[in-house]
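So the structure is just underneath, and the comments pick up after that.
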Amino acid sequence: MKKILAVCGLGQGTSLILRMNIEQVLNDLGVNADVEHVDVSSASGMSSDLIVTSAELAKTLEGHQSDIVIVNNYFDLEEIKQALQNRV
Amino acid sequence: MDLLQLETVELDRVAKDAIDAIRLAGDLLVQANKVTSEYVDAMVKNYIEIGPYIVIAPNIAIPHARPENGVQETGISLLRLSDPIEFGHESNDPVKLICAIAGTDQSSHLEMLKGISQVLGNKAKLETILKTNEKKDIVELFRS
């Protein structure tokens with residue numbers, strides 16, 4: 001099973017919203033994956049298949065072994081779907 | 001208890017910058033005895049140190065800190081600015097709505113964020129929040 005990290009600055013509020021919406025999109029796509037929400041510094045030390053985060057935090061994570069996709073509007077299921085499609 | 005109360009909503013305030021706006025939204029939570037003033041300081045510190053990632057959707061910022069930074073009771077506040085403000089976010093600036101959130105633990109955080117997501121992620125509901133002159137309309141949206 002693929003492992004996806006939803007990343008924000010604190011690993012509390014923002015990434016949790018992102019994780020909920022990623023899970024909903026995966027559900028719609030019929031994909032099974034393990035989604036975790038973490039803060040940016042923990043994420044840099046974790047291994048995963050895909051990281052989903054904002055453009056700003058993506059810069060901090062440059063060089064991470066995982067694929068990184070950027071989502072700007074965490075509420076926009078369509079944007080999240082486009083970001084995840086072909087990657088999960 | 002409702003997630004949002006009349007006393008934690010404020011419409012069309014003027015804020016001079018992002019930090020001022022976060023403080024104003026945080027002060028609504030302090031006045032309602034949901035958080036201590038240390039929590040507001042922690043939200044500001046997070047914004048300064050980690051950056052504008054809290055602007056999670058166009059025109060919407062959700063400043064927050066950790067439960068141990070001074071949360072007394074789970075709750076949110078909603079501040080609508082009279083004039084939008086730049087938070088420094090690449091694509092979601094300027095910010096018009098600040099929804100400060102405070103959760104006492106992980107599970108209350110989750111419930112609260114689901115509620116917020118269902119309201120602020122819904123275009124029609126968001127439109128109401130941006131346009132209404134009645135605080136009670138906004139409280140009502142968070143009730144269902």
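Burial of accessible area (probe 1.4 Å, heavy atoms of protein chains only) in segment A:1-35, relative to its chain alone, reaches at least 30 Å² for A:GLY9, A:LEU10, A:GLN12, A:GLY13, A:THR14, A:LEU16, A:ILE17, A:MET20.
Roughly how far apart, in whole Å, are the Cα centres of segment A:30-88 and segment B:1-63? Between the Cα centre of segment A:30-88 and that of segment B:1-63, the gap is 26 Å. Its DSSP H runs of at least 4 residues, each contributing -39,500 (n - 2.57), put the calculated 222 nm mean residue ellipticity of chain A at -11000 deg cm²/dmol, to the nearest 500. Tell me the angle of helix A:14-29 to the major Cα principal axis of chain A, expressed in degrees between 0 and 90 and rounded to the nearest ten. Roughly 30 degrees between the two axes. Using only Cα coordinates, the Kirkwood hydrodynamic radius of the protein assembly as shown works out to 17.6 Å. Between the listed residues B:CYS99, B:VAL139, B:LEU28, the Cα displaced farthest toward the positive end of the dipole of chain B, a dipole computed from Cβ unit charges relative to the Cα centre, is found at B:VAL139. Less than 5 angstrom separates the built amide H of A:SER54 from those of A:VAL71, all sequence-distant by 5 or more or on a different chain. For the listed residue pairs A:LYS3/A:LYS59; B:LYS34/B:LYS125; A:LYS59/B:LYS114, the alpha carbons are over 22 angstrom apart in B:LYS34/B:LYS125; A:LYS59/B:LYS114.
The Cβ shell under 12 Å around B:GLN5 holds other residues with a net charge of -1, Lys and Arg each +1, Asp and Glu each -1. Which aspartates and glutamates, if any, have their Cα less than 16 Å from the Cα of B:LYS16, not counting same-chain residues under 8 positions apart? Hits, sequence-local ones excluded: B:ASP27, B:ASP83, B:GLU86, B:ASP93.
Applying D = kT/(6 pi eta Rh) to chain A, where Rh is the Kirkwood radius over alpha-carbon pairs, T corresponds to 20 °C and eta to 1.002 mPa s, the Stokes-Einstein value obtained is 172 µm²/s. Summing +1 for each Lys or Arg and -1 for each Asp or Glu among the other residues whose beta-carbon sits under 13 angstrom from that of B:THR104 gives -2.
Carbon-plus-sulfur fraction of the accessible area of chain A, 1.4 Å probe, in percent? The computed percentage sits at 38. Multiplying each eigenvalue of the alpha-carbon gyration tensor of chain B by 5 and taking the square root yields semi-axes of 19, 19, 14 Å, largest first, rounded to whole angstroms. Since only A:ILE80, A:SER47, A:MET20 are under comparison, the one whose Cα sits farthest along the positive direction of the charge dipole of chain A, derived from C-beta charges on Lys, Arg, Asp and Glu, is A:SER47. Heavy-atom accessible area buried between chains B and A is around 2100 Å² (1.4 Å probe, both sides summed). Relative protection proxy for A:15-22, B:131-138, B:11-18, B:111-118, from highest mean packing down: A:15-22, B:111-118, B:11-18, B:131-138 (other beta-carbon atoms within 10 angstrom). Assuming charge only on the beta carbon of Lys and Arg (+1) and of Asp and Glu (-1), the dipole of segment A:1-70 about its Cα centre is about 40 debye to the nearest 20.
Take every DSSP beta bridge whose two residues both sit in chain B; close to 55 percent of them are antiparallel. Considering only A:HIS37, B:SER117, B:VAL40, and ranking their Cα positions along the charge dipole of the protein assembly as shown that arises from unit charges at the beta-carbon of Lys, Arg, Asp and Glu, the one farthest toward the positive end is B:SER117. From its DSSP helices (H runs of at least four residues, each -39,500 (n - 2.57)), chain B gives a residue-normalised ellipticity at 222 nm of -13000 deg cm²/dmol.
Once you list every other residue whose beta carbon is under 12 Å from the beta carbon of A:LYS2, what net charge do they have if Lys and Arg are +1 and Asp and Glu are -1? Counting the neighbours of A:LYS2, the net charge comes to -2. Note on the protein assembly as shown: with charges restricted to the Cβ of Lys and Arg (+1) and Asp and Glu (-1), its dipole about the Cα centre is near 280 debye.
The values are calculated or read from the model by the stated rules, or taken from the named source; none is laboratory data. If you're wondering where the values come from, they're calculated on a predicted model, not measured in any experiment. So basically every Cβ, Gly included, is an ideal-geometry build from the backbone, and we count neighbours across all protein chains shown. To get the accessible areas, we keep the full protein, side chains included, count just its heavy atoms, and leave off ligands, DNA and RNA. Shrake-Rupley method; radii C 1.70, N 1.55, O 1.52, S 1.80 Å.
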